[in-house]
Amino acid sequence: MVTWALVLETLVKWGIPVIAAAIIGFIVKRVIDPKKKDNAAGVKLRLQQNWDDAARNSTVLQEKCAVQVGEMSKAIDIKFEQAKAENRLVDEQILAAVRDLQLSMNEIKDELKEQKDTQTLLQSGVLDMHLHNLIQTCKVYIERGYITHIELMQYNERLTLYHKLGGNGHMDIWDERIRALPLHDHSEK
C-alpha cells in the first residue's frame with residue numbers, strides 16, 4: 001500500500017535532483033547565454049561588415065549612380081537647350097521691337113525736321129512781314145516829321161518783338177532816323 005511516507009520519499013528522491021537540475025540549468029543559461037549573445041552579436045557584426053565591404057566594392061551602386069548622373073545630365077542639357085531656344089526667341093522679339101522703335105524714332109525725327117523747317121520758314125516769313133511793316137511805319141513817321149509818345153512806345157514794342165523773332169541789323173538805319181524825330185504829344189500836330 002502506498003503511504004504518505006513513500007510518496008514523500010519518492011518526491012524527495014526525484015524532486016531534489018529535478019530542482020537541482022532546474023537551478024543548474026537556470027545558472028548555466030545565465031552564465032552561458034551572455035557569451036552566446038556576444039557571439040551572435042559578433043557574428044552579426046562580421047556579417048554586416050562583410051556586407052558593407054561587399055557593397056563598397058560593388059560596382060552596381062557606382063553603375064546605378066553613373067546611369068542616374070547621365071540621365072540627369074541629359075535632362076539638364078535638354079532644359080538648357082530649351083532655355084537657349086526660348087532666350088533666342090525672346091531676343092529676336094526684343095530686336096524686332098527695337099527695330100520698330102528705331103523706325104518710329106526715325107519717322108518722328110523726320111517729322112520734327114519737317115516741322116522745324118516749316119517753323120523756320122514761317123518764322124522767316126513773319127520776320128520779313130514784321131520788318132516790312134516796321135519799315136512802312138517808319139516811313140510814315142519820317143514823312144510826317146515827328147512821332148508821338150504812344151507811337152514811340154508801340155514802335156519800341158514792335159522793334160523788341162522784331163529782335164526776339166531773330167531780326168538782325170536791317171532796322172538799325174531806320175531806328176536811328178526814328179530816334180532822331182522830335183517827340184510830340186498826340187494833341188500837337
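Residue count for the stretch 106-157 under the criterion of being under 60 Å from the mean Cα position of the chain (by Cα) and small (G, A, S): the result is 2.
Checking the stated criteria, K109 turns out not to satisfy the condition of being under 30 Å from R158 (Cα atoms) and in the same structural domain as L159 (by TED's automatic domain parsing). Yes or no: the stretch 169-180 includes at least one residue that is loosely packed, with under 10 Cβ neighbours inside 10 Å, over 30 Å from L121 (Cα atoms) and either of a type outside the set (G, A, S) or assigned by TED's automatic domain parsing to the domain that holds V126 (or both). Yes, the stretch 169-180 contains a residue that is loosely packed, with under 10 Cβ neighbours inside 10 Å, over 30 Å from L121 (Cα atoms) and either of a type outside the set (G, A, S) or assigned by TED's automatic domain parsing to the domain that holds V126 (or both).
The values are calculated or read from the model by the stated rules, or taken from the named source; none is laboratory data. Values in this document were obtained by computation on a predicted structure and should not be read as measured data. Cβ coordinates were reconstructed from backbone atoms using ideal geometry, including for glycine residues, and neighbour counts include every protein chain displayed.
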